[in-house]
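One structure is given below, encoded as structure tokens.
Please treat every number below as a calculation from the coordinates, not as lab data. Please read all numbers here as calculations on a predicted model, not as lab measurements. Positions of Cβ are generated from backbone atoms using ideal geometry, with glycine treated the same way; all protein chains shown enter the neighbour counts.
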Amino acid sequence: MLTPKTDSELISRFLAGDQRAFADLVRRYQSPIRQFLRRLAAGDHALADDMAQETFLKMFTSLSSFRGDAGLSTWLHTIAYRSFLRHVASHSRLEFVDDDYMPEVMSVAPTAMSDILVEQMMKHLSLNERLMVTLSVSGGMSHAEIAEVTQAPLGTIKSHINRAKKKLARLLGSEEECI
Amino acid sequence: MTDLPPLDKLLAYDRHLEGEAFTRKVMAQAARRGHRGWILGGSALLSLAVAMGIKPDNFTMFADLRLPLHLLDNVAASVSASGLVAALLIAALVVGTGKTIDSM
């Protein structure tokens, strides 16, 4: 029976010239990285997939410099986030909406549309709020890991996450406590 | 708006995105990136040789180095004018090809 390889094993095999090991790493991380970028792009799947592709190509050329201080997932999220920031800085293609605007998808949300709903709701958040609430709640990262990705102080991270959760809860019409 | 899951559950990545097509695309691009290094390296060397052939006096700083760069210089200097034009065309073609590959 084949046992799943660890990230370190796959990285070693790739650095020794095994391209299949790289493909295995892409398969392992493509889903969370693409979903992370879809949240940042607030539903622009084409942009998110372009950025995800760029992220893995950067991994391809830079994996030899990966020191393993943080996990591979954290490292990839950092690359994805920076690629996304660079793109936003040069293209300004991000969509934002006012707080009091309720997306139409909210009315059909109880079905299987939670992904679309979340991506639509992300348009109500600033980029930092999108980033930090996604890494925290969706990606399950600790505040320290988020600080590793964003280089932001812990206090700033907590405040962005709380503000984002409050906005999202308000959009959902929920009274749940977010702090 | 009823029956929505709690916020934390709603935000979770609880769906696995099918990734074979995406992975194939990344692998194809990665292979091109790998080739690009050789293409750009070759183009840079060729350009250096051409430049040294056209203006050898501008490369006297290499004379102090105990490196076999003078061999490259000699090769470049021995290329005829038509050869230089051809080399320039080849370099342009190679760089253009590299860019085209990247944009695919």
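Remarks
- When the pairs A:LYS58/A:LYS123; A:LYS5/A:LYS58; A:LYS165/B:LYS9; A:LYS123/A:LYS165 are compared against a 19 Å limit on Cα-Cα distance, A:LYS58/A:LYS123; A:LYS5/A:LYS58 fall above it.
- Rough spin-label spacing in nm, given labels placed 7 Å along Cα→Cβ, for A:ALA152 and B:LEU40: 3.2
- Using a Förster distance of 25 Å, the FRET efficiency for A:ARG27-A:SER142 (Cβ separation, nearest 0.05): 0.45
- In this label model, A:THR6 and B:LYS25 are separated by 3.3 nm, measuring between points 7 Å along each Cα→Cβ vector.
- Listing A:THR6, A:THR61, A:THR78 from fewest to most neighbouring C-beta atoms within 10 Å gives A:THR6, A:THR61, A:THR78.
- Note on B:THR60 and A:THR61: the model spin-label points, each 7 Å out from Cα along the C-beta direction, lie 3.8 nm apart.
- For A:LYS58, A:LYS165, order by how many other beta-carbon atoms lie within 10 Å, fewest first: A:LYS58, A:LYS165
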